[in-house]
Amino acid sequence: MKFKEISIRNFLSYGDKLQTIELDNQGLVLIAGDNEDTSSLLSNGSGKSSCLEAIIYALFGSLSSGLQGDDVVNNHINKNMEVALSIDLGNNNVFTIKRYRKHSEYKNKVILFLNGDEVTKKSAKDNNDYIQTVLGITKDTFLNSIIFGLGDKVKFTEATDAQKKQLLEDIANISLYKEAQVKAKEHLATCNSDLAKCNQDLNTALDRVSFLKEIDKNNQDHYKALKDRDTSIRAHIQELESKLDSLPKVTKEQVQGASERYTEENKKKSSVVFPRQAQLDKINKLLNSSAIKLQDIKSKLDIATKNLVEKKKQYDGLVSGSVDHCYYCGQLLNKEHRDKELNRLSTEINTGLVECKELLGRKTKGEKYVGDLTKASSLLNVEYKKFLSEQDKASSALSKYYSDYVNLNTAYSERSKVEYEIQGLKSTLGNAIELPELHTEEINNKNKEIDTLGDSFKSLVSEKERWEDAVAVYSNQGVISNVLDFVMPFLNTQANKYLSILSGNTISVNISTQTKTKGGSYSDKLSISVDNTIGGEDYQLNSKGEKKRIDLSIALALQDYVMSTGASMGTNFVAYDEVFDGLDSVGIQQVMSLLSGRVKDISSIFVISHDNQLKDLFENVLSVKKKNGMSELSGTMVKEGNNSDH
């Protein structure tokens with residue numbers, strides 16, 4: 001399953017412009033925000049999470065928090081909300097979900113398309129059930145494996161025993177009770193293909209019979225029409241010959257002579273050129289290039305001046321002591337660090353002053369040079385206008401020669417056209433075709449074939465109904481009681497593989513289907529034990545950064561299980577919300593190393609972070625800017641509108 005694109009309009013903080021994010025083959029993508037409405041929030045509240053919430057809403061009809069209905073409509077626009085998600089299911093099958101809210105045309109509808117054909121069900125519940133069947137996992141599973149950390153969703157490590165079990169049962173359900181249904185669907189697909197082929201052959205045979213009957217009728221009608229054709233043609237030839245006699249007799253030589261006279265006079269006029277044209281062109285070329293260079297110098301001077309002012313502001317802040325963190329690395333300043341930053345800024349300020357002075361000098365010289373060229377160009381243009389006036393007088397005389405040529409050529413063309421039409425009509429006389437034999441025998445054979453195909457079609461319809469019953473029998477029915485014993489080894493192996501990378505082999509976890517009681521016995525309660533060589537054994541006793549590493553490792557393991565066992569949920573897209581929160585620089589590098597390896601198997605990994613300084617670590621950046629209460633997207637994967645309505 002490949003997520004192709006998500007389109008949003010009037011959704012949460014996004015406004016009335018339809019914006020589309022391409023989700024496939026984007027690599028590592030940082031979702032960065034800028035809240036211009038409230039400077040104290042920086043990127044918070046800009047709408048970063050909302051673009052991922054659109055995917056959740058498209059799939060499940062509610063946000064990660066459970067909000068739904070009119071709550072998702074932009075509270076400024078308050079109408080015409082729409083979200084459209086396009087998914088490639090494989091085998092050239094594209095599934096599109098469109099959800100509307102308070103829409104002027106579609107009201108609160110959910111509309112589904114498969115390969116451009118509408119497959120919308122009767123009710124909202126039927127539509128959501130159909131989407132669930134296509135997707136293959138529940139909303140909770142999706143939020144714990146495909147999009148991690150979004151909203152206030154309870155993490156697996158902090159979930160109740162019932163919540164943990166429900167999540168694992170949802171995941172295991174993908175591989176255990178879908179297999180039989182997949183096979184039944186394969187047989188149903190084969191039957192549908194055969195049924196479509198039989199229906200196509202039947203329609204082809206019916207169309208062939210209709211076609212042959214039409215051909216026979218047309219040929220008989222055509223044969224009758226040919227008898228009247230010659231009489232009509234001969235009468236028309238006589239009319240054209242009378243018309244030819246009435247036209248002026250103009251020869252080709254007369255037309256050629258008029259053309260040559262016009263050409264000769266035109267050459268004489270064209271040979272006269274403005275004597276100082278080369279000088280004028282040279283000055284204009286220099287003027288254009290010099291103006292461009294001058295503008296470039298002005299732009300560079302403006303940039304250099306702004307940079308100098310900013311460096312001076314930073315320097316003054318350090319000198320006054322009003323700034324206690326390093327502008328360059330963000331760390332808290334001590335005296336040595338502050339002095340080092342003052343030296344660096346002093347050097348950059350001096351360099352900036354030299355650069356501004358040099359650019360100002362170049363600007364002054366450039367402005368004088370452009371002014372001199374402008375004056376020279378104006379003087380030459382006065383002479384050039386006088387030359388053009390003389391050329392206009394010559395053109396008036398030339399138009400007389402051209403008019404003579406046009407009149408002669410028109411008369412000659414009209415006469416030639418009539419002669420050619422007469423010749424063409426005479427060539428068609430006597431070319432009557434014979435009536436072909438009728439297709440009676442082929443029509444009889446095709447009718448027999450139609451009877452046979454009709455019987456086959458009825459048989460295939462019965463077979464299709466049997467396989468449809470089988471698909472219904474093997475639909476989602478829950479998981480068997482001992483399924484957790486199959487899931488746990490995989491989850492533990494994968495989680496500890498990722499923890500070895502994120503913790504440097506200092507932390508491991510064990511997820512068990514049983515919990516040891518104080519009395520020494522075991523209960524059927526899921527437990528998560530932590531082995532931390534430099535920390536606590538209980539999850540809650542670990543630091544915020546260590547918890548973040550544990551949560552991420554388990555989420556990746558759950559994600560691996562979904563993609564490895566789910567018939568429909570092998571995915572090209574995953575997303576993580578504030579995955580770097582609580583991590584130091586080493587932790588950030590460890591997560592980036594893990595994600596960089598993971599992007600080889602998952603072509604698009606989107607990461608939300610409030611730290612815009614991480615941009616250089618990512619292949620692409622999806623920027624979200626909020627201004628005047630409205631969020632707007634920008635980036636290479638963003639476009640206005642969408643590819644198609646379906």
When only C-alpha pairs under 8 Å and at least 6 residues apart count, what is the relative contact order of the chain, in percent? 29
Farthest toward positive dipole pole in the chain [+1 Lys/Arg, -1 Asp/Glu at C-beta], among N25, Q540, N144: N25
Karplus 3J(HN,Hα) series, Hz, for the range 601-618 with 6.51 cos²θ - 1.76 cosθ + 1.60 (x for Gly, Pro): 9, 10, 5, 9, 10, 9, 10, 8, 8, 7, 8, 5, 6, 7, 4, 5, 7, 10
So which lysines pass the test for K306, namely a Cα distance under 16 Å, with those fewer than 8 places away in the same chain ruled out? K298, K357
Could you pull out every residue, at least 5 positions away or on a different chain, whose amide H is within less than 5 Å of the one on G33? Hs are placed 1.01 Å off N in the peptide plane, and Pro or chain starts have none. V624
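Helices from the chain with mean Kyte-Doolittle at least -1.0 and a Cα length along the axis of 18 Å or more, per DSSP H: which?
Those that clear 18 Å and a mean of -1.0 are 48-60, 161-176, 179-246, 277-320, 335-428, 440-473, 484-503, 544-565, 585-598.
Percent of accessible area on the range 345-455 owned by carbon and sulfur, 1.4 Å probe? Intermediate results must be reported in sequence, preceding the final value.
Numbers: 4430 of 7970 Å².
Of the solvent-accessible surface of the range 345-455, carbon and sulfur hold 56 percent.
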How high is the relative contact order of the range 1-141, given as a whole-number percent (alpha carbon pairs under 8 Å, six or more residues apart)? 23
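If the only charges are +1 at each Lys and Arg Cβ and -1 at each Asp and Glu Cβ, what is the size of the charge dipole of the range 183-231 around the Cα centre, to the nearest 20 debye?
Numbers: 9 positive and 9 negative charges, 20 e Å.
With Lys and Arg at +1 and Asp and Glu at -1, about 100 debye.
If you build the convex hull over the alpha carbons only and average its shadow over all orientations, what do you get for the range 515-646? Give it in nm² to one decimal. Could the numbers behind the result be given before it?
Working: hull surface 53.4 nm².
Hull-based average projected area comes out at 13.4 nm².
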Taking amide H atoms as placed 1.01 Å from N in the peptide plane, list the residues 5 or more away in sequence, or in a different chain, whose amide H sits under 5 Å from that of Y576. F148, F606, V607, I608
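First measure r as the distance between the Cβ atoms of H337 and T374, then evaluate 1/(1 + (r/R0)^6) with R0 = 56 Å and state the FRET efficiency to the nearest 0.05.
0.55
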Between the range 244-258 and the range 317-347, what is the separation of their alpha carbon centroids in Å? 94
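With the convex hull built on the Cα atoms of the range 2-62, state its orientation-averaged projected area in nm². Each step should come with its number before you reach the end.
Numbers: hull surface 19.4 nm².
Approximately 4.9 nm², given one-decimal rounding.
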Rounded to whole Å and ordered largest first, report the semi-axes of the equivalent ellipsoid of the range 1-151 derived from its Cα gyration tensor (root of 5λ). 25, 19, 14
In the range 308-385, if the dipole is taken from +1 on Lys/Arg beta carbons and -1 on Asp/Glu beta carbons about the Cα centre, which of L359, V370, C329 is farthest to the positive end? V370
Calculate, for the chain, the solvent-accessible area per residue in square angstrom, rolling a 1.4 angstrom probe over the heavy atoms of the protein chains. 57
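Could you quote the convex hull projected area for the chain, Cα atoms only and averaged over all directions, in nm²?
Numbers: hull surface 210.9 nm².
Taking the Cα atoms of the chain, their convex hull projects to 52.7 nm² on average.
Explain nothing, just the number: dipole magnitude of the chain about its Cα centre with +1 on each Lys and Arg Cβ and -1 on each Asp and Glu Cβ, in debye rounded to the nearest 20. List each step's numbers first, then the result.
Values: 85 positive and 91 negative charges, 534 e Å.
Its charge dipole is roughly 2560 debye.
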When Lys and Arg each count +1 and Asp and Glu each count -1, what net charge do the other residues less than 12 Å away from A470, Cβ to Cβ, add up to? -1
If the cut-off is a Cα-Cα distance under 22 Å, which lysines reach K155, setting aside same-chain residues fewer than 8 apart in sequence? K48, K139, K164, K165, K497, K525, K544, K547, K548
Simple Cβ-charge dipole of the range 1-104, Lys/Arg +1 and Asp/Glu -1, about Cα centre, in debye nearest 20: 340
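Taking K and R as +1 and D and E as -1, what net charge do the other residues with C-beta under 12 Å from the C-beta of T440 add up to? List each step's numbers first, then the result.
Details: positive: K213, K446; negative: D216, E437, E441, E442.
For residues surrounding T440, the net value is -2.
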Using helices alone, I'd like the mean residue ellipticity at 222 nm for the chain: each DSSP H run of four-plus residues gives -39500 (n - 2.57), total over residue count, nearest 500. -20500 deg cm²/dmol
Filtered hits (lysines, Cα-Cα < 25 Å from K393, offset >= 8 within chain) -> K267, K268, K269, K385
Sum of side-chain charges, G629 neighbourhood, beta-carbon under 13 Å (Lys, Arg +1; Asp, Glu -1): -1
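The values are calculated or read from the model by the stated rules, or taken from the named source; none is laboratory data. Here the structure is a predicted model, which is why all the values come from computation and not from measurement. All Cβ positions, glycine included, derive from the backbone under ideal geometry; neighbour counts span all protein chains shown. Surface accessibility is based on the protein's heavy atoms, side chains included, excluding ligands, DNA and RNA. Shrake-Rupley method; radii C 1.70, N 1.55, O 1.52, S 1.80 Å.
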